[in-house]
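One structure is given here, and the rest of the page talks about it.
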Amino acid sequence: VISGLVDDLRSAVGADQVLVDADLRAGYEVDWTGRFRGRAAAVVRPGTTAEVAAVLRACAGHGAAVVPQGGNTGLVGGSVPLAGEVVLSLRRLGGLGEVDPLAGAVTVGAGATLAAVQAHVAPGGLAVGVDLSARDSATIGGMVATNAGGLAFVRHGPMRAQVAGLEAVLGDGRVLSHLGGLAKDNTGYDLVGLLCGSEGTLGVITAVRLRLVPLVGERTAALVGFADVGAAMGAVAGLRRAGVALEAAELMLEDGLAVVAEHLGVPSPVTAPAVLLLEWADPRSTEAVASLDGATAVAVADEPAPRARLWRHREAHTEAVNALGVPHKLDVTLPLTAVPRFVDEVRALVAEASPPSTCVLFGHAADGNLHVNVVGPPPEDDTMDDAVLRLVAERGGSISSEHGIGSAKRRWLHLSRSPTEVAAMRAIKEALDPVGVLNPNVLLP
Ligand SMILES: Cc1cc2nc3c(=O)[nH]c(=O)nc-3n(C[C@H](O)[C@H](O)[C@H](O)COP(=O)(O)OP(=O)(O)OC[C@H]3O[C@@H](n4cnc5c(N)ncnc54)[C@H](O)[C@@H]3O)c2cc1C
């Protein structure tokens, strides 16, 4: 069966774009954290939507499961072949369409990286509304498939809010295309929105019409220290109540900043139990930040280079955690009022863990989104994951804030979704992917 499949894949995309040698497959078989790894039946790299359709028809014909893969920066084990699937890499679909200055929109290939799109639209004074530190590798298709949140969520919302239209190939090779991107379009079910956050289970996204946002050139960033997480959360709420349009509001903790300082070899300019990285564009907001209640220390920067140096202490968290060992990454949302208590409870849970473990917490303060990173338990031991996710559910939170469910969290989906919701999701999956070739090992239990 496998050799027949490989022959059909070669006919679909050309022999050069079907990788079967172990050395060539290797980079596609392990995730960014190193926690999730498997073996692909083959890696196939189509260059057009028609080739993606031909690949899916071939796989459906052989009953072979497919894992769509963009930049492979996903953090929930959804982009790697854990059960011998075919990896369908979209990276060659990197086309960048002409920017439409009237609509403030652009159509790009799913394999275009975020950084490439940012550079493409910036000369027209435009930007992508979602930004994240994996921008050089993460693709627009992957960001849509995971409904990525990121650093500008507080200002522009998730990836779903940036998508005006898309094109995707269904499991049987049919092409679903709704790329017009009209501002208003109430013509039935929101299929475009449905594909956002579907993690490769409903269709392979091949092109995206992005609704762009104004590029804000001049900004001010500040690191602001607080005595505790509650004071930091209160400060963010106070700024928003005062009408300050925050471009970012990131929460970090003293021990996480120390791990980052060690990794970078550069001390944090602000040390405190809880530290916010705030960014804003309107100079009138500077006064509001300068007079924040409860601030114990402040470092401000408005020139690009010093600003980037402040951001480094936030953005390097992910790589600094990875340098400690293979992390268990739990990206969760809590009701804002529950965040301070949850932080203490998680730290207490990890303090009692065996083997001894390190916990690094950081997050997007305005959204109640915390990244709980635990290093210490072996990759396959998910006792700590279980304890943390159950605690999240008890506190009224969500077990996935912005990374998705992937293969890592699907056994806990019931903590955030009712049986009726899971049944509805299953019905949708069966309608769009009746053969079950599209990422069958992620999302649904
Ligand atoms: C350093 C770092 C920082 C990050 N920061 C953030 C952050 O701030 N906010 C945030 O939300 N996420 C963050 N992430 C994780 C985030 O999910 C990804 O960076 C990004 O959204 C995934 O894009 P990708 O192209 O790498 O997708 P991949 O990792 O390749 O795939 C992710 C999922 O999408 C599916 N998929 C990929 N491409 C397609 C496609 N074309 N069609 C259908 N399905 C597809 C895959 O099957 C998989 O299930 C971060 C990751 C890293 C490594």
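Every number here is computed from the coordinates shown, using simple stated rules; none is lab data. Everything numeric here is computed off the predicted structure, so don't read it as measured data. Note that we place each Cβ from the backbone using ideal geometry, even for glycine, and neighbour counts take in every protein chain shown.
General remarks:
- Degrees, to the nearest 10: 2-13 long Cα axis against longest axis of the chain: 80 degrees
- Angle in degrees between helix 383-394 and the longest Cα principal axis of the chain, rounded to the nearest 10: 70 degrees
- Comparing mean-square fluctuations of 181, 406, 71 from a GNM of the chain with C-alpha springs under 10 Å, the top value falls on 181.
- For segment 81-91, the Karplus equation 6.51 cos²θ - 1.76 cosθ + 1.60, evaluated at θ = phi - 60°, returns couplings of x, 8, 10, x, 6, 7, 8, 9, 7, 9, 5 Hz by residue, with Gly and Pro reported as x.
- Candidate aspartates and glutamates for bridging to residue 184, where Cα separation is under 12 Å - those fewer than 8 sequence places away on the same chain excluded: none
- Centroid-to-centroid separation of segment 94-140 and segment 226-287 [C-alpha atoms, Å]: 28 Å
- Pair residue 218, residue 326: separation of 7 Å Cα→Cβ label points (nm): 5.0 nm
- The modelled label-to-label distance between residue 103 and residue 7, using points 7 Å beyond Cα along the C-beta direction, is 4.4 nm.
- Estimated 222 nm signal from helices in the chain, with DSSP H stretches of n ≥ 4 weighted -39500 (n - 2.57), rounded to 500: -9000 deg cm²/dmol
- Label-to-label distance, nm, for residues given as residue 423 and residue 15 (7 Å Cα→Cβ offset): 5.2 nm
- Principal-axis tilt of helix 254-264 within the chain, Cα atoms, nearest 10 degrees: 60 degrees
- For residue 36, the residues whose modelled amide H falls within less than 5 Å of its own, excluding neighbours fewer than 5 places apart on the same chain, are 31.
- Partner aspartates and glutamates for residue 429 [C-alpha distance under 13 Å; skip if fewer than 8 residues away on the same chain]: 172, 199, 421
- For segment 147-163, Karplus couplings with θ = phi - 60° (6.51, -1.76, 1.60), whole Hz, Gly/Pro x: 6, 4, x, x, 6, 9, 4, 4, 9, 10, x, x, 4, 3, 6, 9, 9
- Convex hull of Cα atoms in the chain, direction-averaged projection (nm²): 21.0 nm²
- Derived scalar couplings ³J(HN,Hα) [segment 370-378; Karplus, 6.51 cos²θ - 1.76 cosθ + 1.60; whole Hz; x for Gly, Pro]: 10, 9, 9, 10, 10, 10, x, x, x
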